[in-house]
Amino acid sequence: MFERSKAILLIAIAGIFAVSRFSSHIGPYYYDIILSIGINIILAVSLNLVNGYTGQFSLGHAGFMSVGAYAAASFTTYAAGPFLRVLAPLGPFASVTIFFGLALSIGGLAAGIAGLLVGIPSLRLKGDYLAIVTLGFGEIIKVVIENVDALGGARGFSVASGYTNLFWVYAMAAVTIYIVLNLVNSTYGHGFLTVRDDEIAAEAVGINTTKFKVLAFTLAAFFAGIAGGLYAHFKQYINPEGFNFLKSVDIVTMVILGGMGSTTGVVIAAILLTILPEWLRWLSERPYLPHWLGALLENRMIPYSLLLILLMLTRPQGLFGGAGPKPKKA
Amino acid sequence: MSEPLLDLRDVTVQFGGLKAVSGFNFSIHHHELAGLIGPNGAGKTTIFNLITGVYRPTSGSIRFEGKSIAGKKPYLITKRGIARTFQNIRLFDSMSVFDNVRAAFNMHLRHGIAHALWRGRGLAAEEARIEEQAGELLDIFHLGEVRDASCASLPYGGQRRLEIVRALATRPKLILLDEPAAGMNPTEKTELMDLIRFVQEKFDIAVLLVEHDMRVVMGICERIAVVDYGVKIAEGPASEIRCNQAVIRAYLGVDDGGSAT
């Protein structure tokens, strides 16, 4: 009983492991970008479950990411001593692997619980109203963290251990993609799509729409938490401002650009939009460009918004969005 | 007489000062094909929405298989065994014909989310079983050849049929059809009548039909209830309804002593 999809996942993870053995040959600048791409893939693919497949609009993904980042970082910071001592007999590699895996799970679970708590009351709302509530949640998390001294407050939180590496990031990205694809392709996961297409019809075929919305929200938050945990142990410094509204918008942009409800498209958009600002920076420093154009390109928000406007005019369903939801007749 | 499958007793629903349905009594028995007719705005769809849990009755009781379902959430009522179609077709537009039906198997799944996440043991078998059953249903209704097409690409009659197939996939004991003949030409209407009778026979279920088209209703319903202004004004077999004075008055308006309607 060994399925093809499981085999593909295992081969992918093995491949990632093999490639990660050579990661020391990658220059630090490129290594940084490659890891950022992986983390953004996790964020965008998981948000796509809510914004794409379930048709809800969440603007709070960075908030859930920060919950995971702080939860995982406080675990590795405050619980390292006793845990590593217990795990020490397994050897350094196994003990760190288990310890970091545990930290990421804690980050994911903390964010998942936050997602559940925010989701239950707020998913009674639709469209813009839901977007505003999730936006508000992101800001609340930020303000709370800014005022908790144990988490470093507004000064930020230094994470001693840089456990995150290429293997962890891309293995987690592979698992995220695997789970999201399994889910939406299963009969069970079609519940998400029915909520997006027509809630009234979904209820009429016996689907508990509230349950599916909360589920999508919780799962997406869980993966955002894992991404947060990876981010914290990659940058080794996190501060509340790094998980602000703009970060959420970045992730939403990836989902919209890729095409709501297309995992392939969202993965490609995550790659493109992570590289784009770096490329723009490189471009803005070219001496043959007039000064004003360089300044324009350097501020990534301007080309970003132009790109989005252009996309919405020419391909409102996103780069890869095929059968997106159509506007509903009343 | 045995206990009715669905029993509405003294059902009243009030929206502000308006009594949309008032003191409505009606029941459907197992394997019965009943019709609900009335002029525009008489409250037919409101009664549908009361049965399917979209509205909660202000007073009165709605019982299905002896248990109250008044005001229960729509999806829970579907789980009890009442399926419905919609006056303005509501399919899952982004999905294929097959996936529309597959989605309706959702509530019967034995394996939950954990299996769907990890493709656990038994998931493949269950998915294969669903595929087979959904395929069979589609074949019965001549939608087998277009199973992978987008449901939005089906012609109107096909979409109506698909909606009925989707409702049947929930394995109902009672199916409510809301104006299935709307927008159909005479040939399609004749086909629809055969289809409804076929559904009733083949799946051994009760059918409640809301319909404007007299030919369809009179042609297939064993019993017809007529509502006007939220009140039931007549009930009986088609032959009786056809010559009932109150019904004729409601539909055509009769000049009785100067006060024309």
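Values in this text are rule-based calculations from the coordinates and carry no lab data. Because the structure is predicted, anything quoted here is derived from the model rather than measured. All Cβ positions, glycine included, derive from the backbone under ideal geometry; neighbour counts span all protein chains shown.
Summing +1 for each Lys or Arg and -1 for each Asp or Glu, what net charge is found among the other residues whose Cβ lies under 13 Å from the Cβ of A:Ile39?
Charge balance in the 13 Å sphere: 0.
Counted residue by residue at 0.36 nm each, then reduced by the alpha carbon distance between them, the extension gain from B:Arg80 to B:Arg197 reaches 39.9 nm. Only aspartates and glutamates eight or more places from A:Lys235 in sequence, or on another chain, were considered; those with a Cα closer than 19 Å are A:Asp32, A:Glu146, A:Asp250, A:Glu278.
Provide the net charge surrounding A:Leu10, with neighbours chosen by a C-beta distance below 13 Å and charges set as Lys +1, Arg +1, Asp -1, Glu -1. The partial results should precede the final answer.
Values: positive: A:Arg4, A:Lys6, B:Arg119; negative: A:Glu3.
Cβ neighbours under 13 Å give a net charge of +2.
For B:Val207, nonlocal amide neighbours, meaning residues 5 or more places apart or on other chains whose placed amide H falls under 5 Å from its own, are B:Glu32, B:Leu33, B:Ala34, B:Ile175.
Could you grab the Rg to Rh ratio for region A:76-147? Cα atoms only, Kirkwood for Rh. All intermediate terms of the calculation are to be shown ahead of the outcome.
Numbers: Rg = 17.8 Å, Rh = 14.8 Å.
Radius of gyration over Kirkwood radius for region A:76-147 works out to 1.20.
Treating each Cα of chain A as one equal point scatterer and applying the Debye formula with no solvent, the log10 of I(q)/I(0) at q = 0.11, 0.14, 0.15 Å⁻¹ comes out as -0.73, -1.16, -1.31.
Cα convex hull, region B:1-110: 145 Å³ per residue, rounded to a whole number.
Taking label positions 7 Å along the Cα-Cβ direction at both B:Ser239 and A:Thr264, the computed distance is 6.4 nm, reported to one decimal.
Show me B:142-153, A:227-238, A:165-176 ranked by packing, highest mean number of other Cβ atoms within 10 Å first. Intermediate values should be presented prior to the final figure.
Working: B:142-153: 15.3, A:227-238: 26.3, A:165-176: 21.7.
With the highest mean Cβ count within 10 Å placed first, the list reads A:227-238, A:165-176, B:142-153.
With N set to the residue count of region A:133-242, report its C-alpha Rg divided by 2.2 N^0.38 Å to two decimal places.
Values: Rg = 18.1 Å, N = 110, 2.2 N^0.38 = 13.1 Å.
Rg over 2.2 N^0.38 Å, computed on Cα atoms: 1.38.
With Cα atoms defining each centre, region A:91-117 and region A:1-59 are spaced 17 Å apart in the structure. The largest-to-smallest principal axis extents of the Cα set in region A:24-75 are 42, 27, 13 Å.
For region B:94-171, the pair-distance distribution built from all alpha carbon pairs, in bins 5 Å wide starting at 0, is 3, 17, 27, 22, 15, 10, 5, 1, 0 percent.
For each of B:Asp99, A:Asp149, count neighbouring Cβ atoms within 10 Å of the residue's Cβ, then give the residues from fewest to most. Listed from fewest to most nearby Cβ atoms, that is A:Asp149, B:Asp99. Normalised by residue count, chain B yields a Cα convex hull volume of 152 Å³ per residue.
Looking at the protein assembly as shown, what % of its DSSP beta bridges pair antiparallel, to the nearest 5? Around 60 percent of the beta bridges assigned by DSSP in the protein assembly as shown are antiparallel ones.
FRET efficiency for A:Leu181 and A:Trp292, Cβ-Cβ distance as r, R0 = 45 Å, nearest 0.05? Display every interim value, and only then the final one.
Numbers: r = 45 Å, r/R0 = 1.00.
Calculated transfer efficiency: 0.50.
Test of the criteria: in region A:1-103, which chymotrypsin sites (Phe, Trp or Tyr not before Pro) are in a DSSP loop and have at most 15 other Cβ atoms within 10 angstrom of their Cβ? Don't jump to the answer; show the numbers that get you there.
Numbers: sites: A:Phe2, A:Phe17, A:Phe22, A:Tyr29, A:Tyr30, A:Tyr31, A:Tyr53, A:Phe57, A:Phe64, A:Tyr70, A:Phe75, A:Tyr78, A:Phe83, A:Phe93, A:Phe99, A:Phe100; in loops: A:Phe2, A:Phe22, A:Phe57.
For chymotrypsin sites (Phe, Trp or Tyr not before Pro) across region A:1-103 that sit outside H, G, I, E and B with at most 15 neighbouring Cβ atoms in 10 Å, the list reads A:Phe2, A:Phe22.
Taking the alpha-carbon centroid of each part, what is the distance from region A:121-156 to region B:121-181 in angstrom? What the calculation gives is 43 Å, centre to centre. The average projected area of region A:238-287, computed from the convex hull of its Cα atoms over all directions, is 4.5 nm². Neighbours of A:Tyr178, meaning other residues whose beta-carbon lies under 10 angstrom from its beta-carbon, give a summed charge of +2 when Lys and Arg score +1 and Asp and Glu score -1. Put simply, the Cα atoms of region B:151-224 extend 34, 29, 17 Å along their principal axes, the longest span coming first.
Please report the antiparallel percentage of the DSSP beta bridges confined to chain B, to the nearest 5.
Working: 20 of 36 bridges.
Close to 55 percent.
For the protein assembly as shown, the convex hull spanned by the alpha carbon atoms encloses 212 Å³ per residue.
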